Structure formats: structure tokens, C-alpha cells
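Peer 1: After the C-alpha cells below, expect a handful of questions from me.
The values are calculated or read from the model by the stated rules, or taken from the named source; none is laboratory data. Quick caveat: nothing in here was measured; it's all calculated off a predicted structure. Cβ: placed from backbone, ideal geometry, glycine included. Neighbour counts: every protein chain shown. Ligands, DNA and RNA are stripped out before the accessible areas are found, and what is left, the full protein with its side chains, is counted by its heavy atoms. Shrake-Rupley method; radii C 1.70, N 1.55, O 1.52, S 1.80 Å.
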Amino acid sequence: MKRLAVLGHPVAHSRSPAMHNAALAELGLAREWAYEAIDLAPDEFEPRVRAMATEGLAGANVTVPHKGAALALADALSETAREIGAANTLSFEAGEIRAENTDAQGLLDALPESPAGQRALVLGAGGAARAVVWALLREGADVEVWNRTASRAETLCAELGGKSVEAPDLRTYRLLVNSTSVGLHGEDPFVELPFQASHLEDRHTMVDLVYGDSPSQLLTIAAHVGARRVDGIEILVRQGARSLEIWTGHSAPLDVMRAAARS
Ligand code: ATR
């Protein structure tokens with residue numbers, strides 16, 4: 001049996017086992033492969049993952065807060081993971097650990113159209129925002145970054161590119177991406193983020209990485225004004241599909257994964 005796992009915090013990984021096991025079953029691989037969730041505290045991450053590398057784990061997804069640690073312990077890195085500075089996908093082969101980042105491509109796969117040439121506002125400057133900014137810049141978007149703590153946005157842009165902004169004018173953007181955690185614990189986005197509900201228009205595409213059991217407040221308002229929307233579950237599905245393809249070499253059954261992730 002080839003074992004796969006998501007390593008992280010229970011809140012961050014509750015949907016991944018169902019999504020991946022549904023995909024493995026659809027591909028006829030359920031006898032050979034199984035995907036489980038393993039809760040790891042930060043101080044046990046490195047020793048446990050090193051042990052897994054020799055104990056028959058074939059691959060793993062890594063969630064908050066371990067994406068930096070996953071990069072640091074790997075023996076080999078993809079260029080994407082190295083440039084973003086975070087890894088969400090590990091592969092174990094002959095005791096060696098390889099780290100990749102499928103969050104960036106997952107975001108691009110989830111967008112309704114290429115962001116090339118579009119003006120994009122990224123909210124946030126944490127690990128999630130880094131993958132978003134890297135992905136959008138690689139595709140040729142014109143990226144500006146706002147963060148509550150402005151100095152973190154400046155540091156991110158100095159490292160990855162893009163321009164930090166303190167008072168964004170929403171009329172100037174096509175693509176809006178919430179990569180802060182605002183909304184995760186019921187925060188009001190129109191209090192915490194630098195714009196009002198009335199600034200959203202049908203010309204916007206609103207992407208919200210935060211997801212829960214019901215649509216986020218940002219996406220609810222975006223729907224109300226007729227804007228295009230991408231939610232965090234679609235991005236979860238797309239990054240998971242890319243990870244599954246790395247581990248198994250099979251193309252991922254997106255509809256099956258989507259249905260499992262949303263159920
Ligand atoms: P992750 O790796 O998931 O991105 P993180 O590094 O903790 O997690 O980043 C969380 C992001 O959400 C940061 O951009 C954070 O802003 P600060 O850098 O100012 O902390 C943002 N964030 C969290 N709570 C917020 C709030 N109430 N209002 C605005 N931004 C918030």
C-alpha cells in the first residue's frame with residue numbers, strides 16, 4: 001500500500017482525505033493507494049516527516065503552519081517552491097524528500113481566465129499571499145499588494161515583485177484576491193480590508209482563499225453585484241489535483257474531487 005497524507009492542523013485539512021480518496025477510487029487506485037490526515041504540532045514536524053520518509057509514506061500535502069518547515073527539510077526543491085519560499089507537496093522516494101508547491105498553479109487553474117495583462121490586487125502578505133503573487137506575476141498580471149501590516153507587503157514585493165499599496169482604489173483592478181485570513185473566524189471583511197461592499201462591481205473577479213461551510217461574506221457580496229467568483233474550495237481542489245498528478249502520474253478527476261471536497 002502506498003500511503004499519502006495531509007500533514008497539518010485539523011482545521012486546514014478536514015476536506016483533503018475525502019477528496020483524495022474519492023479521486024483514487026475513481027482512478028481505480030484505491031487498492032494501491034490511501035490518503036489520511038496526520039495532525040502534527042510544529043515542534044514534531046521535522047522529526048516525524050524524516051521518519052515518514054523511511055517508513056513507506058509516498059507523498060504528503062502540507063498545510064498551515066508547516067509550509068516553510070517543509071521547504072527547509074527537503075533534499076530537493078522545485079524551482080517554484082524555492083522562489084515562493086513554501087512547499088505544500090512532498091514526495092518521498094528512496095528515503096529522499098522532494099518539495100514542490102502546487103498552490104500557485106492551483107490558483108491559476110481555478111481562475112476563469114488568464115490573468116495576463118490584468119491589474120490584480122492581492123490582500124495579505126503571509127505564505128498564502130506569496131504563492132498568489134508569484135503565480136499572478138508569472139502569468140503576466142500587474143500585481144499590487146495590500147497588507148494590514150504594510151511593511152510585510154513591502155518585504156514581499158521586494159522579494160517576489162509587484163508593488164505594495166496602502167490605499168487601493170478598487171476601480172483600477174480587475175482581479176481581487178483575498179489571501180488574508182479575514183473571514184475565517186467571522187471577521188467583517190469590510191471592516192478589516194481596505195474597501196467597502198459598495199466598491200465591488202460586476203467587472204471584478206473576486207477570489208477568496210478563505211472557505212467554510214457557507215460562502216464567505218466577500219463572495220456573497222460579489223455574487224450580489226454580478227462579479228465572477230472563485231472560492232477557496234475550488235483552489236483546494238485544483239492544488240490537490242496537481243499534487244495527485246505528481247504522486248500517481250495520473251490525470252486527476254476534477255469533478256469527483258470537487259464533489260467530495262464540497263460534501
Ligand atoms: P498564511 O501563511 O496562511 O498566509 P499568515 O502568514 O499568518 O498566514 O498571514 C495571515 C495574513 O492575514 C496576513 O497578511 C495578516 O496580516 P498581518 O501581516 O498584518 O498580520 C492577515 N490578517 C489576519 N487577520 C487580519 C485582520 N483582522 N485584518 C487584516 N488582515 C489580517
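Peer 1: If the requirement is being closer than 17 Å to Arg119 by Cβ and not in a helix (DSSP H, G or I), which of these qualifies: Leu137, Leu176?
Peer 2: Result of the check over Leu137, Leu176: Leu176.
Peer 1: Could you tell me whether Gly117 is part of a loop (DSSP other than H, G, I, E, B), of a type in the set (Gly, Ala, Ser), within 14 Å of the ligand (Cβ to nearest atom) and farther than 30 Å from Ala74 by Cα?
Peer 2: It is false that Gly117 is part of a loop (DSSP other than H, G, I, E, B), of a type in the set (Gly, Ala, Ser), within 14 Å of the ligand (Cβ to nearest atom) and farther than 30 Å from Ala74 by Cα.
Peer 1: Mind checking whether some residue in segment 147-162 is more than 16 Å from the ligand (Cβ to nearest atom) and surrounded by fewer than 23 Cβ atoms within 10 Å (Cβ to Cβ)?
Peer 2: Within segment 147-162, one or more residues are more than 16 Å from the ligand (Cβ to nearest atom) and surrounded by fewer than 23 Cβ atoms within 10 Å (Cβ to Cβ).
Peer 1: Scan segment 71-90 for residues that are modelled with pLDDT of 95 or more and within 18 Å of His13 (Cα to Cα) and report the count.
Peer 2: 4
Peer 1: For Val182, all conditions in the list (1) surrounded by fewer than 22 Cβ atoms within 10 Å (Cβ to Cβ); (2) within 16 Å of the ligand (Cβ to nearest atom) hold save one; what is the number of the exception?
Peer 2: It is condition (1) that Val182 fails.
Peer 1: Oh, and also: For residues that are in contact with a Leu (Cβ under 7 Å, 6 or more places away or on another chain) and either under 20 Å from Ala129 (Cβ atoms) or within 16 Å of the ligand (Cβ to nearest atom) (or both), tally how many sit in segment 78-101.
Peer 2: Final tally of qualifying residues: 5.
Peer 1: Another question about this same structure. Cβ-Cβ under 7 Å, sequence separation 6+ or interchain: first residue in segment 117-139 and open to solvent by less than 30 Å² (accessible area, probe 1.4 Å), partner of a type in the set (Ser, Thr, Tyr) and within 13 Å of the ligand (Cβ to nearest atom). Which pairs?
Peer 2: Qualifying pairs under 7 Å: Val122/Ser179; Leu123/Ser179; Leu123/Thr180; Gly124/Ser179; Gly124/Thr180; Ala129/Ser179; Val132/Ser179.
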